[in-house]
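The values are calculated or read from the model by the stated rules, or taken from the named source; none is laboratory data. In this text, all values refer to a predicted model and were calculated from it rather than measured experimentally. Every residue, glycine among them, receives a Cβ derived from its backbone with ideal geometry; neighbour counts consider all protein chains shown. SASA here: full protein model, heavy atoms, side chains in, ligands and nucleic acids out. Shrake-Rupley method; radii C 1.70, N 1.55, O 1.52, S 1.80 Å.
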Amino acid sequence: MGNNNSSSKHKSKKIEFYKEIDNKPMDLEVEKELKYYIPNNYEDIDRLHMFHFFQRYLFQGNYSSPIEEGLMRGKYKVLDIGCGPGTWLLDLANKYEKSVFYGLDNNSVHPNEATDMFDGLPFPDDNFDFVHQDPMSFIIKADQWNFIISEMIRVTKPGGYVEILDIYFTLRGAGPILSKIYEAHNTSCLQRGVDMKIIPNLDKIIQSNQNTQIVYRDEKSYILGPNGGKVGMIKQDIFIGYHDNEVATENLSPFLGISKEEYKIMITKDLIEELKYTSPEFLLIRFWAKKN
Ligand SMILES: C[S@@+](CC[C@H](N)C(=O)[O-])C[C@H]1O[C@@H](n2cnc3c(N)ncnc32)[C@H](O)[C@@H]1O
């Protein structure tokens, strides 16, 4: 797994920071050279794996853009921004053996390999056939979306596709505990300049770029918790795991005006109890556009 053939084609200094994945069996030499970025925390990685299979199941596929033929034909160049442990990339690389896959992430076990998308994507213009991004709604600030999207479009070849997947909570069907947690999360995001309400309108930002005026949208809804069936239970595990970690506890308990211990009980007991009697609706939305 991993080779440097394509890397050597690019003279950009930062190119060595990306990992390229193909389907060759991994040998020790290659393994040493593999530039592989993973979050440091194994629970985060598990959650990202679970989320990957969750989104794939909901959409019945890993992407919505019409790229299957290109991927099958081969030499199709794919970039995943915020690739994390590379779950999405590896899933595609396994299926489309003749295409090439790149990922970048600012979170790395080796700090000198991390790449921050907010510095711009260190690739030449018109470089990839498909540029993809998984949920970043809690990360990208309101005034950064334009820049990130324009960078995605810049590095996409004319005729290639950009695609963004994100999560949106409609607030429909939520009980008081989930509403409070959401409100605290929302307030903490807004303090950092992150506005999750932008998500359902990302198509407008993509459309405002003169190279991607027609934007498509693919939306799936699900219910969080047991009333959403198996899908709802899987998402409940992901949701609880995300909110039960140290960072979330530290951040959100002051916004809720409760102690860390009370917060833990709220997430791991009270919320789980409430979800048995409520049906909160969330959306997964994919936006995709072809570059002129
Ligand atoms: C939802 S996860 C993506 C999961 C991944 N696509 C997968 O298949 O497992 C979002 C990722 O964005 C990364 N990220 C956050 N801020 C970033 C930044 N400024 N530049 C690059 N990556 C970033 C995080 O480290 C995290 O791995």
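The single residue among TYR216, TYR263, TYR242, TYR222 that is among the aromatic types (Phe, Trp, Tyr) and at pLDDT below 95 turns out to be TYR242. Selection of the stretch 246-271 for residues being crowded, with 16+ Cβ neighbours inside 10 Å and closer than 28 Å to TYR57 by Cα yields ALA248, ILE267, LEU271. The strands (runs of 3 or more DSSP E) located wholly in the stretch 48-164 that include 1 or more residues which are of a type in the set (Asp, Glu) occupy 77-81, 128-133.
Only a single criterion out of (1) at pLDDT 95 or above; (2) more than 11 Å from the ligand (Cβ to nearest atom); (3) of a type in the set (Val, Ile, Thr); (4) outside any helix (DSSP H, G or I) is not satisfied by ILE167, namely (2). For the stretch 115-130, residues that are closer than 11 Å to LYS291 by Cβ and surrounded by fewer than 20 Cβ atoms within 10 Å (Cβ to Cβ) total 2. Does LYS230 count as free of Cβ contacts under 8 Å to residues at least 24 places away in the same chain, touching a Ser or Thr at 6+ places or on another chain (Cβ under 8 Å) and open to solvent by 80 Å² or more (accessible area, probe 1.4 Å)? So LYS230 fails the test.
Residues being assigned to a helix (DSSP H, G or I) and either out of contact with any strand residue (DSSP E or B) (no Cβ under 9 Å at 6 or more places or on another chain) or open to solvent by less than 30 Å² (accessible area, probe 1.4 Å) (or both): count how many of those fall in the stretch 206-216.
Within the stretch 206-216, the first condition is being assigned to a helix (DSSP H, G or I), and the residues that meet it are 206-207.
With either out of contact with any strand residue (DSSP E or B) (no Cβ under 9 Å at 6 or more places or on another chain) or open to solvent by less than 30 Å² (accessible area, probe 1.4 Å) (or both) added as a condition, the list becomes 206.
The qualifying residues number 1.
Could you go through the stretch 44-56 and let me know if any residue there is under 19 Å from PHE123 (Cβ atoms), of a type outside the set (Lys, Arg) and surrounded by 15 or more Cβ atoms within 10 Å (Cβ to Cβ). Checking the stretch 44-56: not a single residue is under 19 Å from PHE123 (Cβ atoms), of a type outside the set (Lys, Arg) and surrounded by 15 or more Cβ atoms within 10 Å (Cβ to Cβ).
Look at LEU178 and say whether it is of a type in the set (A, V, I, L, M, F, W, C), away from the ligand (no atom under 12 Å from the Cβ), outside any loop (DSSP other than H, G, I, E, B) and open to solvent by less than 60 Å² (accessible area, probe 1.4 Å). It would help to see each step written out before you state the result.
Working: of a type in the set (A, V, I, L, M, F, W, C): yes; away from the ligand (no atom under 12 Å from the Cβ): yes; outside any loop (DSSP other than H, G, I, E, B): yes; open to solvent by less than 60 Å² (accessible area, probe 1.4 Å): yes.
Yes, satisfied.
The set of residues in the stretch 82-100 that are among the β-branched types (Val, Ile, Thr) and within 14 Å of the ligand (Cβ to nearest atom) contains only THR87. In the stretch 131-159, the residues that are open to solvent by 10 Å² or more (accessible area, probe 1.4 Å) form Cβ pairs under 8 Å with partners that are among the small types (Gly, Ala, Ser) and away from the ligand (no atom under 14 Å from the Cβ), at six or more places apart or across chains, as follows: ASN146/SER208.
Given the criterion closer than 30 Å to PHE255 by Cβ and not β-branched (Val, Ile, Thr), identify the matching residue among PHE138, PHE123, PHE130. Full working, then the answer.
Numbers: PHE123 fails: closer than 30 Å to PHE255 by Cβ; PHE130 fails: closer than 30 Å to PHE255 by Cβ.
It is PHE138.
Checked against (1) out of contact with any strand residue (DSSP E or B) (no Cβ under 8 Å at 6 or more places or on another chain); (2) surrounded by fewer than 15 Cβ atoms within 10 Å (Cβ to Cβ), GLU219 passes all but a single condition, namely (1).
From GLY175, GLY257, GLY232, GLY228, grab the single residue that is at pLDDT 95 or above, in contact with a Leu (Cβ under 7 Å, 6 or more places away or on another chain) and over 25 Å from ALA142 (Cα atoms).
Working: GLY175 fails: in contact with a Leu (Cβ under 7 Å, 6 or more places away or on another chain); GLY257 fails: in contact with a Leu (Cβ under 7 Å, 6 or more places away or on another chain); GLY228 fails: in contact with a Leu (Cβ under 7 Å, 6 or more places away or on another chain).
Of GLY175, GLY257, GLY232, GLY228, the one residue that is at pLDDT 95 or above, in contact with a Leu (Cβ under 7 Å, 6 or more places away or on another chain) and over 25 Å from ALA142 (Cα atoms) is GLY232.
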